[in-house]
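Accompanying notes for the structure given below.
The values are calculated or read from the model by the stated rules, or taken from the named source; none is laboratory data. All values derive from a computational prediction rather than experimental measurement. In this analysis, Cβ positions are derived from the backbone assuming ideal geometry, glycine residues included, and neighbour counts consider all displayed protein chains.
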Amino acid sequence: MSHNLQFYIDGAWVDPISPRTLPVINPATETAFTEIAIGTEADVDRAVKAAQKAFESFSQTTKAERLALLRRIAEVYAKRYDDVAEAIRLELGAPVTLAQKSQAAIGAGHIGQIIKVLEDFEFDETQPNGTLITREAFGVVGMITPWNWPMNQITCKVCPAIAAGCTMVLKPSEIAPLDAIVFAEIMDEAGVPPGVFNLVHGLGHDVGAAISAHPGIDMISFTGSTRAGILISRAAAETVKKMHLELGGKSPNILLDDADIAKAVASGIVDVMQNTGQSCNAPTRMFVPARFRDETLAAARSAAEAIKVGNPEDPDVYMGPVISELQYNKIQDLIQSGIDEGATLVAGGTGRPAGLNKGYYVRPTVFADVTPDMRISREEIFGPVLSILFYETEAQAVQMANDTVYGLAAYIQSGDHARAQKLSRQLRAGNVYINNPRLDLNAPFGGYKQSGNGREWGVWGLEEFLEIKGVVGFGG
């Protein structure tokens, strides 16, 4: 049975209080392929009350009980893995290979990682004077997740919250909601106690606003744009909620003069174009020594033109469409601004790629000779667009890299590891990646400045959902 027109509240699939629906558009075809129910403040209130009631008992469960629950979730997720990937392919327009090997895979990765973290985590610590320092579940958590890496953000919030003993109300993106429905089915089959996990679909100004302001919610964990994060923070301030925000980015990728320039340029372009540029930590500003300009342009043009764009059902396609007409138009406007402001168009440009007349497809686009004041250098494009800026000295590269309101991620390419290590300490970013390392799900993920506050992944992700209590005299 399809649960698209229902919410998951208090351990059951329920109909919305006031029936309303929203079409779900496949961005590869520009047509609706299903619809979902969208909720209201009343639906949120019903879910919060269920979560509050469940918190009384779930917060008192043992670590062993929560580990057993997480292991059951992992087992059912593995069984439903292909359903998760297919949902993401349809709703996001993600290429099937990306949906299978990255989008669905990272969800499984986060579940497995939090199990390892919880196995070794100690909630209690007794001081020599007998004072107990204990870490307890924070409370009811309102979770608002985005569409770009939907299962990544659901699992790296929900699973640490369960590990901590919290209960929750999740509002996934209304643009890409189907994977969240599959996830709720996984939670139900795994035997998550009623009220611990609740799912309510809806729009940001309705359900998102109701979650942000609800007095029964103790903490907000939000991933999305900086603009939306500010609005949510204002709404939550009235009840002094804890705010955990993962926001935008404009991440620098510094190529030092001892790097293999052609290789580094090509790999940087591939990284930007993954997920059609729709990643908050994408390395969208590339800094290259000015003397390598000609080599850089040649390598960039070749790499961008080699990106295969097309039907997400084709396993050889690397880049699908962007998520929506709204995003498509925003990206087209920013590409045109780069042309108008005098950047050198190395590859791509406005319009769809050749041969694609339907779908929100964007040409893999690279600009060079970009200056720090240009819109394409300052604004988060969230599409397959790379800006290349040239520098004369390493100090100038660091200054330009840090000259942004964001501070989510930064990247360094160098043939001298010690030099790259030293440079990493000068970059104002929550994550720095040296020479394309493997993804580390146990490293803290989060940003400086307007990229947010708090951290996800690993033990840091678990700690976000914990309160610290001191019990003086506990030891007698």
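Of the strands (runs of 3 or more DSSP E) lying entirely inside the stretch 345-413, the ones with 3 or more residues being out of contact with any His (no Cβ under 9 Å at 6 or more places or on another chain) and either more than 25 Å from G454 (Cα to Cα) or outside the structural domain of P289 (by TED's automatic domain parsing) (or both) are found at 365-368, 385-391. Among the residues of the stretch 224-242, the ones that are in a loop (DSSP other than H, G, I, E, B), crowded, with 19+ Cβ neighbours inside 10 Å and among the small types (G, A, S) come to 1 in all.
Restricting attention to the stretch 306-331 and to residues that are crowded, with 19+ Cβ neighbours inside 10 Å and not in a loop (DSSP other than H, G, I, E, B), the residue that is farthest from the chain's Cα centre (by Cα) turns out to be V309. Those strands (runs of 3 or more DSSP E) of the stretch 115-168 in which at least 3 residues are closer than 24 Å to S225 by Cβ and not assigned by TED's automatic domain parsing to the domain that holds C280, considering only elements entirely within it, cover 140-144. When each of A85, A50 is tested for being within 24 Å of the chain's Cα centre (by Cα), part of a helix (DSSP H, G or I), at pLDDT 95 or above and buried (at least 16 other Cβ atoms within 10 Å of the Cβ), the lone residue that passes is A85.
For the stretch 182-189, state whether one or more residues are farther than 30 Å from K79 by Cβ, among the hydrophobic types (A, V, I, L, M, F, W, C), buried (at least 24 other Cβ atoms within 10 Å of the Cβ) and within 20 Å of the chain's Cα centre (by Cα). No: the stretch 182-189 contains no residue that is farther than 30 Å from K79 by Cβ, among the hydrophobic types (A, V, I, L, M, F, W, C), buried (at least 24 other Cβ atoms within 10 Å of the Cβ) and within 20 Å of the chain's Cα centre (by Cα). Taking first residues from the stretch 55-83 that are assigned by TED's automatic domain parsing to the domain that holds I115 and partners that are part of a helix (DSSP H, G or I) and surrounded by fewer than 14 Cβ atoms within 10 Å (Cβ to Cβ), the Cβ contacts under 7 Å between residues at least 6 apart in sequence or on separate chains come to L67/E119.
Considered as a group, the residues in the stretch 280-302 that are touching a strand residue (DSSP E or B) at 6+ places or on another chain (Cβ under 7 Å) and either part of a loop (DSSP other than H, G, I, E, B) or outside the structural domain of G430 (by TED's automatic domain parsing) (or both) include one that is surrounded by the most Cβ atoms within 10 Å (Cβ to Cβ), and that residue is T284.
For the stretch 244-267, the criterion of being more than 13 Å from the chain's Cα centre (by Cα), of a type in the set (D, E) and assigned by TED's automatic domain parsing to the domain that holds E467 is met by no residue.
Out of all the residues in the stretch 204-216, is one or more outside any helix (DSSP H, G or I), in contact with a helix residue (DSSP H, G or I) (Cβ under 8 Å, 6 or more places away or on another chain) and farther than 15 Å from Q52 by Cα? Working first, answer last.
In the first step, residues of the stretch 204-216 are kept if they are outside any helix (DSSP H, G or I); the result is 214-216.
Filter once more, so that each one left must be in contact with a helix residue (DSSP H, G or I) (Cβ under 8 Å, 6 or more places away or on another chain): 214, 216.
Still in the running and farther than 15 Å from Q52 by Cα: none.
The answer is no; no qualifying residue exists.
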